[in-house]
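The structure appears below as structure tokens.
All of the numbers you see were taken from the coordinates with simple rules; none came from a lab. If you're wondering where the values come from, they're calculated on a predicted model, not measured in any experiment. In this analysis, Cβ positions are derived from the backbone assuming ideal geometry, glycine residues included, and neighbour counts consider all displayed protein chains.
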Ligand SMILES: C[S@@+](CC[C@H](N)C(=O)[O-])C[C@H]1O[C@@H](n2cnc3c(N)ncnc32)[C@H](O)[C@@H]1O
């Protein structure tokens, strides 16, 4: 069986998981987004871009602190959710449908550009880094979060483990997730985009495991992006979700600890 283009490159995939995404992101990616926002320590009225905003984790953190922030995402479903959540904090169009590889902003538009678990998933990640660099003002800050573990994080790690057990011959992690999962690789990606790398922070949180039924109901949300998942028919997906639920029963009380690398770089003056 051949695998189609990876689901992560298809906005329809992200649309299809968007309804459940906000609740899960708040207890998962949202914590890293908040950490990235705090580590950036920007002035209150900074102009901020969140590339691949999803349900708006970083965008909302920025708006709450008074930044003039906008998020973009290529999934209209995600953008609708991010915009609705942003509207509770701030007026105006705060989330826009846009491809992060071709940003529709002029150069010098932002004091800071973030991408939290976004740009490393693009078909052409270098174009994503380059676009972040282009729209920054000279001296502006780029912040990119990636997972250190190539199998991803939280529930995705558990699903990757399940896939390894059920399909030992399949490559489990996404090939792209290996592209930037060390400080040196992340710094090299910044440098290639013409940015000056400054610091890579390692940030870890435990993902508190939900009740076992969650693994049956949310397998697509947590693992639908995976090439392994795409190989399965509906019956196999049910078996897969059951196997993940069985593994989840043995998780330690604190859940799964996942580490993000949060890289920072400056656009030269
Ligand atoms: C793992 S989610 C991260 C979302 C959010 N930043 C967070 O931390 O929760 C990846 C996001 O990247 C978006 N995405 C993937 N490829 C994209 C592209 N080429 N342009 C814009 N957004 C993209 C997806 O729609 C999805 O919302």
> For 93, 131, 24, 192, what ranking results if the residue with the fewest other Cβ atoms within 10 Å of its Cβ goes first?
Replying inline: 93, 192, 24, 131
> Highest GNM mean-square fluctuation, the chain, Cα pairs closer than 10 Å: which of 239, 48, 200?
Replying inline: 239
> Once both labels are modelled 7 Å past Cα along the beta-carbon direction, what's the residue 230-residue 93 spacing in nm?
Replying inline: 3.1 nm
> By how many degrees, 0 to 90 and rounded to 10, does the Cα axis of helix 125-135 deviate from the longest principal axis of the chain?
Replying inline: 20 degrees
> What is segment 148-269's relative contact order, in percent, from Cα pairs under 8 angstrom and six or more apart in sequence?
Replying inline: 44 percent
> In what order do 259, 53, 29 fall by count of nearby beta-carbon atoms within 10 Å, going from fewest to most?
Replying inline: 259, 29, 53
> Can you give the relative contact order of segment 104-144 as a percent, counting alpha carbon pairs under 8 Å and 6+ residues apart?
Replying inline: 61 percent
> With the calculation restricted to Cα positions, what are the radius of gyration and Dmax of segment 26-127 in angstrom?
Replying inline: 12.4, 34
>> Run lengths n ≥ 4 of DSSP H only: what is the helix-derived mean residue ellipticity at 222 nm for the chain, with -39500 (n - 2.57) per run over all residues, to the nearest 500?
In response: -12500 deg cm²/dmol
> Given Cα pairs under 8 Å that are at least 6 residues apart, what percent is the relative contact order of the chain?
Replying inline: 21 percent
> Shape call for segment 201-269 from the C-alpha gyration tensor, a ≥ b ≥ c root eigenvalues: rounded (a/c under 1.5), prolate (a/b greater than b/c) or oblate?
Replying inline: oblate
>> Which of 39, 221, 141 ends up with the largest GNM mean-square fluctuation for the chain, with Cα atoms connected below 10 Å?
In response: 39
> Which of 143, 203, 79 moves the most in a Gaussian network model of the chain with Cα springs under 10 Å?
Replying inline: 203
>> Give me the extension gain from residue 269 to residue 202: residue separation times 0.36 nm, minus the current Cα-Cα distance, reported in nm with one decimal.
In response: 21.4 nm
> Can you sort 212, 89 by how many other beta carbons sit within 10 Å, fewest first?
Replying inline: 212, 89
> Relative to the longest principal axis of the chain, what angle (0 to 90°, nearest 10) does the C-alpha long axis of helix 29-40 take?
Replying inline: 30 degrees
> Rounded if a/c is under 1.5, else prolate if a/b beats b/c, else oblate: with a ≥ b ≥ c from the C-alpha gyration tensor eigenvalues square-rooted, which is segment 147-238?
Replying inline: prolate
> What angle, in degrees between 0 and 90 and rounded to the nearest 10, separates the Cα long axis of helix 76-87 from the longest principal axis of the Cα atoms of the chain?
Replying inline: 60 degrees
> Based on the Kirkwood radius over alpha-carbon pairs, what value in µm²/s does the Stokes-Einstein equation return for the translational diffusion coefficient of the chain at 4 °C and 1.567 mPa s?
Replying inline: 69 µm²/s
